[in-house]
Each structure stands twice: as structure tokens, then as C-alpha cells.
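The values are calculated or read from the model by the stated rules, or taken from the named source; none is laboratory data. Values in this document were obtained by computation on a predicted structure and should not be read as measured data. Because the Cβ atoms are built from the backbone with ideal geometry, glycine has one as well, and the counts that use them run over all protein chains shown. The protein model used for the area step is the full one, side chains on, heavy atoms only, and it has no ligands, DNA or RNA in it. Shrake-Rupley method; radii C 1.70, N 1.55, O 1.52, S 1.80 Å.
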Amino acid sequence: MTVRFWGVRGSIPVPGAQTVRYGGNTSCVEVRPDGCAPIILDAGTGIRKLGKDLSNAEEFLTGRGKVHLLISHTHWDHIQGLPFFSPLYQKGTRLYVYARQRDDTHLRAVFQSQTEDPYFPVPFDAGQADVSFRELLEGARFEIGPVKISCTRLNHPWIAMAYRLEHQGHIMVYVTDTAPFRDILFENEYINAPPQPGEQLRPDAVAKLKTMRDALVRLCEGADLVIYDTHFTPEEYAERPHYGHSTPWDALEIAREAGAQQLALYHHAPERTDDQLDQIAREVAREAGSISIVAAYEGMSLELGRRAGVPGSRTGPIGGKGAGG
Ligand SMILES: [Zn+2]
Ligand SMILES: [Zn+2]
């Protein structure tokens, strides 16, 4: 299974002299399992260039292209590139979009509204591709061809989904965006102020955070690669816990508990320079023991090694605990 990074930045694209090496495009990762159509995680601005590559491939040129797109959540930095994804305008392309089900709006409407007048000249449905949407419940398990997918919710304003992909004993887990699971609980709401110093969380919030964290550790269990939101330094996090992002140290804690082999620092803050990212990766690597640390950069490609004895996951229709709700 090959994993390729097309955009590694959080919040907003930041081209410029200080971000040349790691790249300025927002979240997008391509996974190429052997014998399966590409699976793309998030549609930040990095997806534009990936789309150019795909649309020149034989199957897309001949109208047989197929792409699966797993969306962590629909914040701007995770969907902004989709209107510029050229296979969307290629007749015959089949695009399957997966994201968490909302209570109030169907996924299709969420994506249609992204390109509504006066924000964009081309309506979403003007694309030639056949686009279908699969709404996911938290904890859903399903298959894309030979790849087993499972997901769990994260601690982020309006909730994001983390995904685990398993294929031929290779496992990668994509975890963005999330706050750690201790200071604040995000539900379907915007939190505009940090918790007060010494403020106690309600017991039900503590219990929910524990459940969420346990599920995430299970999702990452035995992974060859965990890609994790490490937007903040610890100092930045202390000032803005209500933004819903983690530090590399939070990521390392989860990766270690889950027995992951490699951790990719991801969703870099827009202000983070190349030199700072080098420094952060070195610091984390010093503490990481046997876990291999890499700060993700645009164009980075990882080939996941084969592992023996990886437990398979239950398969079935898309649906979580209490499926059908
Ligand atoms: Zn984000
Ligand atoms: Zn977000």
C-alpha cells in the first residue's frame, strides 16, 4: 500500500519561501492499495495536482476512472480543492464521497453549497462525473474493494472522523482534526473561549472523552503508519485548546499506546516554517523510542511494509453502534 502526501497544511494554503520544502497546500493524502482504485483522504488544495495526474491516466481518459474520497470533515481546509479536482469534470468518472452523516443536512447539499453563486462560477452538479455520497455513522465499518475501512469520531468542533485502512496486512490510520481528550469536549457546537484555568469538566464529559480516546487507540492499534494532526506546539495549545487541534506529544502518546510503527506529523500550522518543522520532528524523534517519526511534506511517498498476524476487522454494511439511526 503506497501512501502519498499532496497537501500537509492546516487551515489555509501558505505558499512562500518559508514553506517550500514541506509545502503550502492543505490536507490531502492518496492511498494506493495494490489492485484497487485510488482512495483519497480529504480534498484540501493538495487534491488539485493529484487530480491532474489522475485525469491523464488511461482509465480516466477512456471514461472508466474511479475514485473514493474519504472526508475527515467539511471544514474549508479539507474540501477547498474539490472544485479544482479535474476528474470531477471528466465524463465517465465515478467519484464516491464518504463523510460523517450530519443531523441537519445531507452530504450532497453540503458539497453543492460550496460552489453556489456567488462563491464559484461552476455549480457542483455541472461536473460530468457520476458523484455519489455515502454518509457514515461513527464507528462504521465497510469495504472499498479489497480494503477494509473503519472509522471513529474525533474531538473537534462539529466533529471529524478518523479512518483506518487495512489491506493485505498493511494498516494506515488518518487522524485529523482533533484536540487531545482532556481539557474540552467538542460536540456540535462552536466554542469561542478557552476553558477557565482550573475549570473542571463535568463527569459525563470526562466519560465521553475517555470513550472517544479508547476508540481512537483501538483504531490505531498495530498500525504501520499513523498520520496525526499535530498543528500546535504545547505553548500554542495552552493558549488555544478550544481550536480543536493536538500537539506532536499528544500524537506520540496515542501512537505509543496503540503500538504503531510510524507516526507522520501532519496538518502543520500555517505559520510553521520549514526550519521549525525540521526542529519539531527532531525533538519528537528523540522521545519516540522505537516509533519512527516523520514530518509529512508534499510529495512524500511511503510504502507500507508487510506485517504478519494483523487481526482482521469485521465487515458489513456502513453503520455504527445502533446502526440505522
Ligand atoms: Zn483542518
Ligand atoms: Zn477542522
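In the context of the full set of protein chains, residues of the chain present 44 Å² of accessible surface per residue (probe radius 1.4 Å, heavy atoms only). Each 10 Å bin, from zero up to the one with the longest distance, holds this percent of the alpha carbon pairs of the chain: 6, 27, 37, 24, 6, 0, 0. What number does segment 85-221 give for Rg over Rh if you use C-alpha atoms and the Kirkwood radius? That ratio equals 1.04. For segment 2-303, the fraction of 1.4 Å probe accessible surface lying on carbon and sulfur atoms is 49 percent.
Applying a length cut-off of 18 Å (Cα extent along the axis) and a mean Kyte-Doolittle floor of -0.5 to the DSSP H helices of the chain leaves 203-220. Computed over segment 213-261, relative contact order equals 53 percent, with contacts defined as Cα pairs under 8 Å that lie 6+ residues apart. One Cα centroid belongs to segment 70-111, the other to segment 271-289; the line between them spans 32 Å. Over all other residues within a Cβ to Cβ distance under 13 Å of Pro195, the charged ones net out to 0, with Lys and Arg as +1 and Asp and Glu as -1. Using the average count of surrounding beta-carbon atoms within 10 Å as a protection proxy, the listed peptides 224-234, 162-172, 103-113 rank, highest first, as 224-234, 162-172, 103-113. Plainly put, segment 198-311 has a radius of gyration that is 0.99 times its Kirkwood radius, both from alpha-carbon atoms, as the Rg/Rh ratio. Compute the relative contact order of segment 2-303 as a whole-number percentage, counting only Cα pairs closer than 8 Å that sit 6 or more residues apart in sequence. Result for segment 2-303 is 18 percent. Remark: relative contact order (segment 45-98) = 52 percent; criterion is Cα-Cα distance under 8 angstrom and separation of 6 or more residues. The distance linking segment 14-53 with segment 206-251 is 22 Å (Cα centroid to Cα centroid, whole angstrom). Each 5 Å bin, from zero up to the one with the longest distance, holds this percent of the alpha carbon pairs of segment 1-143: 2, 10, 19, 23, 22, 15, 8, 3, 0.
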